[in-house]
Amino acid sequence: MNKSYSIVIAGGGSTFTPGIVLMLLDNLDDFPISRLKLYDNDEERQNKIAGACEVLIKERAPYIEFLATTDPKEAFSEVDFVMAHIRVGKYAMRELDEKIPLKYGVVGQETCGPGGIAYGMRSIGGVLELIDFMETYSPDAWMLNYSNPAAIVAEATRRLRPTSKVLNICDMPIGIEDRMAQILGLSSRKEMIVRYYGLNHFGWWTSICDKAGNDLMPAIKEHVGKFGYIPKNEQEQAEASWNDTFKKAREVYQLDPDTLPNTYLQYYFYPDDMVKKSNPDFTRANEVMEGREKFIFGECEKIVRAQSSADSQIKIDDHASYIVDLARALAYNTGERMLLIVENNGTIENFDPTAMVEVPCIVGKNGPEPITVGRIPQFQKGLMEQQVSVEKLVVEAWIEKSYQKLWQALTLSQTVPNARTAKLILDDLVEANKDYWPPLAEKKLQPSL
Ligand code: NAD
Ligand code: G6P
Ligand code: MN
């Protein structure tokens, strides 16, 4: 009989929690759980989700011990895995991250450009706190972190918690690979063996083969060149704004027809198009608050009222099964090949060894072993050097409480046209984030003699 595991989901009040709980409950044969806890620092928000999760667990696996708490000791004691998806500042701050840059005609996005930088400055402290709770109360546990902006959070963990057992992971490549599999008519993305490299939300596929080693890239490229990542007979239509993103991949792909791009590159290659299609008064944060957040909280309320999920529309987040794959790889030493955000350390030969890069890794009991990428072309190298410098400067700015470094980070972002605009945006962001960022000291210019 396999051991069964104890898990805490940090950010229990997240809109993704019910789908992930259902997904965990659907995978109990492969990954048995004896205890599931939710942790959040917003009790009221978490309780609404927890009430529904309690019903779901009672219906499907009543032997699982369930608990929701805001007490770190209770949450982080005796756990094997911490699954972390917190959003420091919640959607109210995401809305400002998106709307402030747009005021100046600059991309307003959750993880890219000035919005992602602002979010990073909030997330670093929150994620480090979770790591410290884990190491205090369950020193042998692993943290699977998908709190955003993952690139900046990963760099912060590398700098500030270098020996901690934290793995940073993103679902965007998985979402795109699901679409590639549909384009090819395959039953699952797991039929494909991929090579990929880049930074988080900033990467490229260089090879996709089937299990027999046959090259699948030409067929995918032909499709992406015409339709982007929109499969002909799409199984489930994405929301309109996501549909635009998958369509835009057609233009993003044209920059380098030797590879297939991550969709997030659209914000760096076509920032003006992104600004033009944005509504500065109603951004993605508003869409999510009106859509996913209302829906999930409404459904949870119904489940609690009926004490039954029979009429619930909440679906298993099947696509989040990569979280189980990762936990299983660590627990059972499966050697599964997965894309993770890890320290480069020579994996990409001609790139900063200290950069946090997203590459395929073999994952086992002792963590990830990255698969060598080799040398990368000048185009990608140039873009990645610029972007990784943005991410490193943000972390340096947070550590040193440096206004100057944060201004440099914004100026260096491919999404920002010049240093003056960078400063205007930064000054607004400083004001908006004063409850979340460390106070920044502005470097005084040398007084003239
Ligand atoms: P959400 O706002 O619905 O949920 C986040 C929760 O985190 C909230 O309940 C909030 O109270 C809680 N929280 C905030 N700060 C906290 C702290 N310091 N300690 C404990 N709890 C805290 O957000 P969401 O849209 O469900 O997204 C959750 C997170 O997952 C975000 O960071 C999002 O960017 C990320 N995400 C990542 C991926 C990926 O690919 N890596 C995919 C989807 C979502
Ligand atoms: C993808 C990315 C995540 C990001 C999310 C935003 O899943 O990989 O990192 O948080 O999209 O989705 P949303 O629906 O909140 O705009
Ligand atoms: Mn992501």
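Could you derive backbone 3J(HN,Hα) for region 71-81 from the dihedral phi with the Karplus parameters 6.51, -1.76 and 1.60 (θ = phi - 60°), listing whole Hz in sequence and x where the residue is Gly or Pro?
The phi angles translate into 8, x, 5, 4, 5, 9, 7, 6, 10, 9, 9 Hz.
Hey, what's region 123-258 come to in accessible area per residue, 1.4 Å probe, Å²?
So region 123-258 comes to 41 Å² accessible per residue, rounded to a whole number.
For region 321-416, which GluC sites (Glu not before Pro) are both in a DSSP coil and crowded by at most 16 other Cβ atoms within 10 Å?
Glu349
Hand me the trypsin sites (Lys or Arg not before Pro) from region 195-240 located in a DSSP loop with no more than 13 other Cβ atoms within 10 Å, in residue order please.
Passing sites in region 195-240 are Lys211, Lys232.
With every protein chain kept in place and ligands, DNA and RNA left out, what is the accessible area per residue of region 281-370? Probe 1.4 Å, answer in Å².
Ligands and nucleic acids excluded, the figure is 47 Å² per residue.
Run lengths n ≥ 4 of DSSP H only: what is the helix-derived mean residue ellipticity at 222 nm for the chain, with -39500 (n - 2.57) per run over all residues, to the nearest 500?
-14500 deg cm²/dmol
For region 42-106, run through the GluC sites (Glu not before Pro) and keep only the ones in DSSP coil with at most 14 other Cβ atoms within 10 Å of their Cβ.
When the GluC sites (Glu not before Pro) of region 42-106 are filtered for loop state and at most 14 Cβ neighbours within 10 Å, Glu78 remain.
Counting alpha carbon pairs within less than 8 Å and at least 6 residues apart, what relative contact order, in whole percent, applies to region 272-396?
16 percent
Could you tell me the calculated FRET efficiency between Lys232 and Tyr332, based on Cβ-Cβ distance and R0 = 45 angstrom, to the nearest 0.05?
The value I calculate is 0.75.
Please work out the ratio of the alpha-carbon Rg of the chain to 2.2 N^0.38 Å and round it to two decimals.
Cα Rg divided by the expected 2.2 N^0.38 Å: 0.96.
If I take R0 = 22 Å and measure r between the Cβ atoms of Gln313 and Ala240 in this structure, what FRET efficiency does the formula 1/(1 + (r/R0)^6) give, to the nearest 0.05?
The computed FRET efficiency comes out at 0.65.
In whole percent, and with a 1.4 Å probe on the protein chains, what portion of the accessible area of the chain is carbon and sulfur?
The value for the chain is 48 percent carbon and sulfur by accessible area.
The values are calculated or read from the model by the stated rules, or taken from the named source; none is laboratory data. Here the structure is a predicted model, which means the values were calculated and not measured. Every residue, glycine among them, receives a Cβ derived from its backbone with ideal geometry; neighbour counts consider all protein chains shown. Note: areas computed on protein heavy atoms with side chains; ligands, DNA, RNA excluded. Shrake-Rupley method; radii C 1.70, N 1.55, O 1.52, S 1.80 Å.
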